[in-house]
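First the structure, in the form of structure tokens, and then the observations on it.
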Amino acid sequence: GEDVEQSLFLSVREGDSSVINCTYTDSSSTYLYWYKQEPGAGLQLLTYIFSNMDMKQDQRLTVLLNKKDKHLSLRIADTQTGDSAIYFCAERGGQGGKLIFGQGTELSVKP
Amino acid sequence: DGGITQSPKYLFRKEGQNVTLSCEQNLNHDAMYWYRQDPGQGLRLIYYSQIVNDFQKGDIAEGYSVSREKKESFPLTVTSAQKNPTAFYLCASRRWMDGGNYGYTFGSGTRLTVV
């Protein structure tokens with residue numbers, strides 16, 4: 001079945017890099033996404049990667065995809081206190097174009 | 001500006017009552033979705049609709065109902081059969097993008113609390 005797993009918490013110092021990891025099970029997934037959720041708000045798309053890519057960089061964000069291990073990571077360079085939020089990894093499921101989400105990783109950035 | 005509007009932002013329900021959460025979009029998106037969010041569990045799909053007058057159950061549809069009479073609107077009713085309805089509910093819509101990707105837009109959510 002389809003399943004996405006993330007660790008629940010990550011704490012970093014301001015200015016350091018953050019790496020949030022995700023594993024998924026559906027090898028037929030075509031697109032994988034990273035979303036950010038601030039407290040009490042909806043989800044904001046950060047970036048996505050197509051399954052035939054290994055890496056995608058967008059300003060401070062770098063996404064790495066290892067299809068063999070079904071592992072996705074999001075690196076945030078020079079992490080700021082404004083990056084504190086919950087980060088969700090998601091894969092596009094087969095039926096109805098639904099998104100299948102991981103549990104979310106709560107990133108805490110300490111000054 | 002186009003977007004998705006969820007209302008109300010906070011909703012309180014007494015046990016045994018049905019309540020309806022509103023989701024309206026002016027993006028002209030065909031597909032719409034309802035997700036439930038609980039701490040540490042991510043988002044789980046309740047119902048989705050790909051076209052007007054049609055909808056399908058998601059992974060946790062029991063105790064919920066929806067309708068899709070208009071393209072713009074996809075209300076979710078939490079019935080008294082839902083035993084643990086306290087959660088954060090998110091509505092989303094979907095459009096086609098170049099290259100076969102989908103673009104998803106999320107509302108700002110409704111927090112439902114049973115009192």
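The table below gives the values:
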item: Among residues of region B:12-48, those that are open to solvent by less than 80 Å² (accessible area, probe 1.4 Å), under 22 Å from B:ALA81 (Cα atoms) and within 14 Å of chain A (Cβ to nearest Cβ), counted; result: 14
item: Sole exception among (1) open to solvent by 40 Å² or more (accessible area, probe 1.4 Å); (2) in contact with a Lys or Arg (Cβ under 8 Å, 6 or more places away or on another chain); (3) not acidic (Asp, Glu) for B:LYS57, by number; result: (2)
item: Top-ranked residue in region A:93-110 [being assigned to a strand (DSSP E or B) and open to solvent by less than 10 Å² (accessible area, probe 1.4 Å); ranked as farthest from the other protein chains (Cβ to nearest Cβ)]; result: A:LEU107
item: Odd one out for B:TRP96 among (1) farther than 20 Å from B:ASN18 by Cβ; (2) facing chain A (nearest Cβ under 9 Å); (3) among the aromatic types (Phe, Trp, Tyr); result: (2)
item: Qualifying residue in region A:45-63 (condition: closer than 17 Å to A:VAL4 by Cα, more than 8 Å from chain B (Cβ to nearest Cβ), in contact (Cβ under 8 Å) with a residue 40 or more places away in the chain and surrounded by 17 or more Cβ atoms within 10 Å (Cβ to Cβ)); result: no
item: Some residue of region B:93-100 being touching a residue at least 12 places away in the same chain (Cβ under 8 Å), open to solvent by 40 Å² or more (accessible area, probe 1.4 Å), assigned to a strand (DSSP E or B) and of a type outside the set (Gly, Ala, Ser); result: yes
item: Selection status of A:SER17, loosely packed, with under 14 Cβ neighbours inside 10 Å and at pLDDT 95 or above; result: yes
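The values are calculated or read from the model by the stated rules, or taken from the named source; none is laboratory data. Only a predicted model underlies this, so the values are computations on that prediction, with no experimental measurement involved. Quick reminder, even Gly has a Cβ in these numbers, built from the backbone with ideal geometry, and neighbours come from all protein chains shown. Heads up: the accessible areas ignore ligands, DNA and RNA and are worked out on the full protein's heavy atoms, side chains in. Shrake-Rupley method; radii C 1.70, N 1.55, O 1.52, S 1.80 Å.
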